[in-house]
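One structure below.
Each value in this text was obtained by applying a stated rule to the coordinates, not by laboratory testing. Remember, predicted model here, so these are calculated numbers, not experimental data. Glycine gets a Cβ as well: all are built from the backbone with ideal geometry, and neighbour counts include every protein chain shown.
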Amino acid sequence: MAGRESGKNQISAKKENIALIKSLIYREGPISRAQIAERLSLTPPTITNIVGEMIEEGLVREIRETSSEKERKVGRQPINIDFVPDAKLVLGISLGRDFTHYCLCDLRGNTVLQGRTPVVPGNYEEMLETVCHMIDKIKEDDSERWEKVTGIGVALPGIVNAHTGIVLQTDTERENWKGKPLADTLSGIYHLPVRIENNVRARTYALSLFRTEVISDFDTFVLCFASWGIACPIILKNKSVRGEEGTAGEIGHMIMDPDAEDGTLENYASLHSVIRKCEQAMAEGRAGILKGICGDQTPDIDMIMDAQVKGDPDVTDIMHTAMRYIGIALSNIISFMNPDLVVLSGQMFMLEDNLVLAEETMRKYAYAADITHTVVKYVPSGEYDGAVAAAAACLDKYFVRD
């Protein structure tokens, strides 16, 4: 019995070491074996054996310095290792509110294929049929590339049990998705591991794996993503804090005014709230610059940002009020979690005035020994970032940690 337990422990330890090595290569690669051993406090033979196996599997490769690089250094230079980017591919799918985006990503997050289709139906069975049709087409169009696909990631708004792949709560029009085993169903059809993840939480995996220049050496950070809703998932010591039901970080439901009918942060500061208030301002004969931009159309975020740039005082006041509320909410996160890094993302942060005001408000109200140590960074959000994030979430679970 003791021998059996010892064997299990050795297998478990090796699996954990492989995950640590892969994570470090993502963060610091190309990197030498000696540097990996030093960073992870593992023995050189352990590193040599694991890296050797990864080379045999075609996952990593040795990278030797060029002649010009060698000439600038003295002594024997170590051989670095890094991932072979196209050794594996992952399909990422973002089931957004306006469109469905998909992409094939390699191990370094480079997209080798991407596309956009209309938003999927609200009915679960029809959605599943639509998604399968899309995947089938990707598979048929390039069967050779599909052979490298090692998993599928799906990101969507709402509360998701990422362990079971079941949607717990989502938009009203997608109500009958609740309780459905989406991950298991897709996995059974395509014989690939499938990860279902919240759309904003998935973006934290993309930051950790593909945007290491943003994360740097920080292992604890939060991502505040302000869009139709507002979420702020938390990464603590390189692990996602999910909570019992996966709702950790849903600051959009943080109460800002307990006496209001809807005193949540999202009601004061989400994109949906900003658009609603701008519409109301125009209906009252205010926001003249915005009215001139959108005419009879319903204002969208691009029109609203344009009006703010052009100096519409009513639009600016609405947007600045939203930024102050977001800053107050973030100050509570700082006081509670004390993260090293706060990442802000979403269209409303694109204007420097908005970004600065949110940060200044956060720093004004946060309780910390030295708030100046908290780093704030803005990360733009591209059209296919949701699909890339879905791919990253899948990679994290089934390539890095599994």
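Take the Cβ-Cβ distance between Asp317 and Asp262 as r, set R0 to 25 Å, and report the resulting FRET efficiency rounded to the nearest 0.05.
With R0 = 25 Å, the Cβ-Cβ based efficiency is 0.80.
Take the residue pairs Lys139/Lys237; Lys22/Lys148; Lys277/Lys310; Lys178/Lys397; Lys180/Lys397; Lys88/Lys178 and return only those whose Cα atoms are more than 27 Å apart.
Lys139/Lys237; Lys88/Lys178
Specify the residue with the greatest mean-square fluctuation among Ser41, Ser345, Ser94, computed from a Gaussian network of the chain linking alpha-carbon atoms under 10 Å apart.
Ser41
Mean residue ellipticity at 222 nm from the helices of the chain, using -39,500 (n - 2.57) per DSSP H segment of n ≥ 4 over the full residue count, to the nearest 500 deg cm²/dmol?
After summing the helix terms and dividing by the residues of the chain, the value is -14000 deg cm²/dmol.
Based on the Cβ-Cβ distance from Asp217 to Glu352, what FRET efficiency comes out when R0 is 35 Å, to the nearest 0.05?
0.85
If amide hydrogens are placed 1.01 Å from N in the peptide plane, which non-local residues have theirs closer than 5 Å to the one on Gly151?
Result for Gly151 returns Leu91.
Using a simple charge model, +1 on the beta-carbon of Lys and Arg, -1 on the beta-carbon of Asp and Glu, nothing else, what dipole does the chain show about its Cα centre, in debye to the nearest 20?
The calculation lands at about 1620 debye.
What Kirkwood hydrodynamic radius do you get for the range 83-164 when you take the inverse of the mean 1/r over all pairs of distinct Cα atoms, in Å?
When all Cα pairs of the range 83-164 are included, the Kirkwood radius is 13.5 Å.
Among bridges DSSP assigns within the chain, what percent are antiparallel (round to 5)?
60 percent
Does the range 165-234 come out rounded, prolate or oblate by the C-alpha gyration tensor, with a ≥ b ≥ c the root eigenvalues, rounded set by a/c under 1.5 and, if not, prolate when a/b is larger than b/c and oblate if not?
oblate
Among the aspartates and glutamates, select those whose C-alpha is under 20 Å from the C-alpha of Lys239, and discard any that sit fewer than 8 residues away in the same chain.
Glu16, Glu28, Glu197, Glu213, Asp217, Asp219, Glu250, Asp340, Asp396, Asp402
Based on Cα positions only, what radius of gyration and what Dmax would you give for the chain, in angstroms?
23.4, 80
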